[in-house]
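Quick notes on the structure that follows.
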């Protein structure tokens, strides 16, 4: 083992890793010998189980062209690591043909452990992306490197296209009118019903045609036709229909073949609704952006609930493709925001337009864009100040709005906050002037209870409404933070010191029993990083809400050094990756409610070693915050 460790210390990028981590890597290595001219990997066919570090002998790698000739031949000597680029950037398939030369011995590292190193140590990861970048500057390499889109690797299971039936997709009720209806009235009806397609009936109430936004644009507006003319004179025909028990792919093929954007759905001889081509395509969700668009097209809270229930599978596949937890957090947050915005819009449609400008804001982890699947609602409402005679009326409206929104969000899967940090709680729906007094009181009073409120409401951002209201509140906070607030920072620093990283005296991870498992609470492990970064953000009037964004700004301001920044951000997102991975496994594989407990026995040796390093980093920063904000290491 010592020979392996010394060898790793001499080769890039392993020589950039901490010694404790290298010791863990050395224990995981498997030594393999190959006979001369053995074909180890086949170009774009062999699935890489991990990476090879050449110890003795050499590898010959190359591409085969269409005539079977070797192209771009390379010889890799001891110290070269083969497979990193393939695992990270080529769907785990070997980029090239690889043949072992005489006397070849390699150390093999499983791809699971290799990916952990890449996710945790940015310089290690960048070594392989830089190598790939250099190769992509070679036109011949680019010619041979192919990365076809794999439908099997779509973000949502590909078989849905071939197994889902039309009846499983949310469709719209048919909106129709008589053929003699004037065109301008048809446009008014489409606007009122918020539909881009309206069907036209004959005298026997049979659907004979349809009108779309494009119909009105091309046949009426562009040609300056009389908007008082009968709609039957401009409608499109014929109509296209399909049975509710047909497959989604059949409907899509029919729509492409007939060049129609809308299709009627039949059930038991009657038309029960219609669906658009965009809706069906968005249901396939081949990318995060398309999936988010499909959320925007959802027609009911039940459909939004189904969308949210599909997100864990979506996230599992993102993490499996090596997408960084920071990006995954942003995607989850965007989906959650989109759902909340749909709910708010729907409620406003039900109860009428608001009597004052307002902003609906989210707090806590959602406010920081760090939402996971063990989450609840944290939100509040700020509305503009109104004259006294309208104050109660305005307040009643927004409390009703908040209650309805919370009810719908709870139905979808965002459960009620046990701490009552929700807009439906009268404490957290108020005018802007009242909110300013709230913040002022929390900052001036500065006792442990008010500091918790301030911390929660500092991690806030608007997801709906007038951003100018939030801007005014931030300007107010910015001015107040320029006053001496030592007592506030003292108590916030004390909060960041509440949790001690679970390391024993003998440098083992401290666990506790949970359902016969030896676990630790990963949420509590992450909280000191969130807390200490928040304190520094407040002290330096940094108003980014996300922990990663705060760290970047603090580094730019010189508050954190380059090395401190990398230590904290890599530690935080390593923990976030573990947390998301565990929660998605509980939902998808175990069919249980997600929690924040990590079973130590399920972690690899490298993950355990990395955790110990992270705990030491947290301890070091806690010591720093003691000195900076409490004045003494002993306080």
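The values are calculated or read from the model by the stated rules, or taken from the named source; none is laboratory data. Quantities reported herein were computed from a predicted structural model and do not represent experimental measurements. Methodologically, a virtual Cβ is constructed for each residue, glycine included, from the backbone with ideal geometry; neighbour enumeration extends over all protein chains shown.
The residues of the range 416-433 that are surrounded by 14 or more Cβ atoms within 10 Å (Cβ to Cβ) and either touching a residue at least 40 places away in the same chain (Cβ under 8 Å) or within 30 Å of residue 541 (Cβ to Cβ) (or both), listed by number, are 416, 417, 421, 422, 423, 425, 428, 429, 430, 431, 432.
Can you go through 532, 578, 611 and tell me which one is assigned to a helix (DSSP H, G or I) and under 23 Å from residue 492 (Cα atoms)?
532
Scanning the range 315-350 for residues being closer than 22 Å to residue 116 by Cβ and in contact (Cβ under 8 Å) with a residue 12 or more places away in the chain gives a total of 15. Checked against the criteria, residue 359 counts as in contact with a strand residue (DSSP E or B) (Cβ under 7 Å, 6 or more places away or on another chain) and either at pLDDT 95 or above or in the same structural domain as residue 452 (by TED's automatic domain parsing) (or both).
When you go through (1) outside any loop (DSSP other than H, G, I, E, B); (2) at pLDDT 90 or above one by one for residue 316, which number turns out not to apply? Checking residue 316 against (1) outside any loop (DSSP other than H, G, I, E, B); (2) at pLDDT 90 or above, the one that fails is (2). Taking the conditions exactly as written (touching a residue at least 60 places away in the same chain (Cβ under 8 Å), touching a strand residue (DSSP E or B) at 6+ places or on another chain (Cβ under 9 Å) and either more than 24 Å from residue 306 (Cβ to Cβ) or not assigned by TED's automatic domain parsing to the domain that holds residue 463 (or both)), does residue 380 satisfy them or not? It is true that residue 380 is touching a residue at least 60 places away in the same chain (Cβ under 8 Å), touching a strand residue (DSSP E or B) at 6+ places or on another chain (Cβ under 9 Å) and either more than 24 Å from residue 306 (Cβ to Cβ) or not assigned by TED's automatic domain parsing to the domain that holds residue 463 (or both). When residue 485 is tested against the conditions (1) surrounded by 14 or more Cβ atoms within 10 Å (Cβ to Cβ); (2) free of Cβ contacts under 8 Å to residues at least 24 places away in the same chain; (3) in contact with a helix residue (DSSP H, G or I) (Cβ under 9 Å, 6 or more places away or on another chain), the lone failure is (2).
Yes/no per residue for (1) at pLDDT 90 or above; (2) buried (at least 18 other Cβ atoms within 10 Å of the Cβ):
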{"residue": "551", "(1), (2)": "yes, yes"}
{"residue": "574", "(1), (2)": "yes, yes"}
{"residue": "585", "(1), (2)": "no, no"}
{"residue": "594", "(1), (2)": "yes, yes"}
{"residue": "613", "(1), (2)": "no, yes"}
{"residue": "625", "(1), (2)": "no, yes"}
{"residue": "633", "(1), (2)": "no, no"}
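The set of residues in the range 278-297 that are modelled with pLDDT under 65 and surrounded by fewer than 18 Cβ atoms within 10 Å (Cβ to Cβ) comprises 286, 287, 289. The set of residues in the range 426-453 that are in a helix (DSSP H, G or I), closer than 28 Å to residue 354 by Cα and modelled with pLDDT of 90 or more comprises 426, 427, 428, 432, 433, 434, 435, 436, 437, 438, 439, 440.
The conditions of being touching a strand residue (DSSP E or B) at 6+ places or on another chain (Cβ under 8 Å) and part of a helix (DSSP H, G or I) are not met by residue 409.
Highlighted here are the strands (runs of 3 or more DSSP E) found entirely within the range 57-137 that include at least 1 residues which are in contact with a helix residue (DSSP H, G or I) (Cβ under 9 Å, 6 or more places away or on another chain) and touching a residue at least 60 places away in the same chain (Cβ under 8 Å): 59-64, 70-76, 104-110. Within the range 370-384, being outside any strand (DSSP E or B) and under 15 Å from residue 470 (Cβ atoms) holds for one residue alone: 384.
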